[in-house]
Amino acid sequence: AKVGNEKITLADVDSELKADIDYLKEQYGEDYESKIDDDLKAKLKEVRQQVLEQLVEEKVLYLEAEKKNLVPSQEELDKEVADRTAEIQEAWGGEEKFKEAKEYYGYTDESFKKFLETQVIIQKVKDDMFKDVTVTDEEVQKYYDENKANLLNYGEAETRHLLFKTE
């Protein structure tokens, strides 16, 4: 895809799916795409499409932030990134677990910082877009009542693998 002057490549998409791609390589080898069955190929294509759409959305929102002059100063970004990093680190169970998680998902300290900076900027755009939007409890209830059949999804689950302790 191309957004503004920036291109989004398959390598960009696959870098977002590093943990999944690494799993496929571990299971099927480096040439995993020629060895996986059609169902898994279709699922991989679907996930890649979703990631591509997410990356395009991020780029479009970033351009909007620049256009509306919503990009914070580097000092503000650094503070927000530090706060969010601390929250995430705590949620992951400490510095060591957080470090392991970053490595698992293919982030370096620098790429994770860049990811968080982008998220901060995108949130500022979204906040600006929705600042004048109000939704009442009645509107929420009406929407729920009208769309209940589409919102309730009983008895369905999608699993990748199940792990059991062995004797």
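The values are calculated or read from the model by the stated rules, or taken from the named source; none is laboratory data. What you see is a predicted model, and the numbers here were worked out from it, not measured in a lab. Please note: Cβ atoms are built from the backbone with ideal geometry, for glycine as well, and neighbour counts cover all protein chains shown. Please note that ligands, DNA and RNA were not included when accessible areas were found on the heavy atoms of the full protein model with its side chains. Shrake-Rupley method; radii C 1.70, N 1.55, O 1.52, S 1.80 Å.
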Open item on the list: Which pairs turn up if I take residues in segment 25-38 that are open to solvent by 90 Å² or more (accessible area, probe 1.4 Å) and look for partners that are modelled with pLDDT of 90 or more and not in a helix (DSSP H, G or I) with beta carbon separation below 8 Å, at least 6 apart in sequence or on another chain?
Closed with: Lys35/Gly29
TODO: For segment 2-16, state whether one or more residues are assigned to a helix (DSSP H, G or I), among the small types (Gly, Ala, Ser) and open to solvent by 50 Å² or more (accessible area, probe 1.4 Å).
DONE: yes
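Confirm whether Ser34 is polar (S, T, N, Q) and closer than 28 Å to Asp127 by Cα.
Against the criterion (polar (S, T, N, Q) and closer than 28 Å to Asp127 by Cα), Ser34 does not qualify.
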TODO: Collect the residues in segment 52-77 that are among the hydrophobic types (A, V, I, L, M, F, W, C) and not in a helix (DSSP H, G or I), keeping them in residue-number order.
DONE: Leu70, Val71
- [ ] Out of Gln89, Gln49, report the one residue that is assigned to a helix (DSSP H, G or I), of a type outside the set (Gly, Ala, Ser) and surrounded by 13 or more Cβ atoms within 10 Å (Cβ to Cβ).
- [x] Gln89
Task: Residue list for segment 17-33, filter: assigned to a helix (DSSP H, G or I) and either closer than 14 Å to Tyr105 by Cβ or small (Gly, Ala, Ser) (or both) - done: Lys18, Ala19, Asp20, Ile21, Asp22, Tyr23
TODO: Of all residues in segment 112-167, count the ones that are open to solvent by 90 Å² or more (accessible area, probe 1.4 Å), of a type in the set (Lys, Arg) and closer than 30 Å to Leu24 by Cα.
DONE: 3
Open item on the list: For the structure I just gave you, tell me whether Glu80 is surrounded by 15 or more Cβ atoms within 10 Å (Cβ to Cβ), among the acidic types (Asp, Glu) and assigned to a helix (DSSP H, G or I).
Closed with: yes
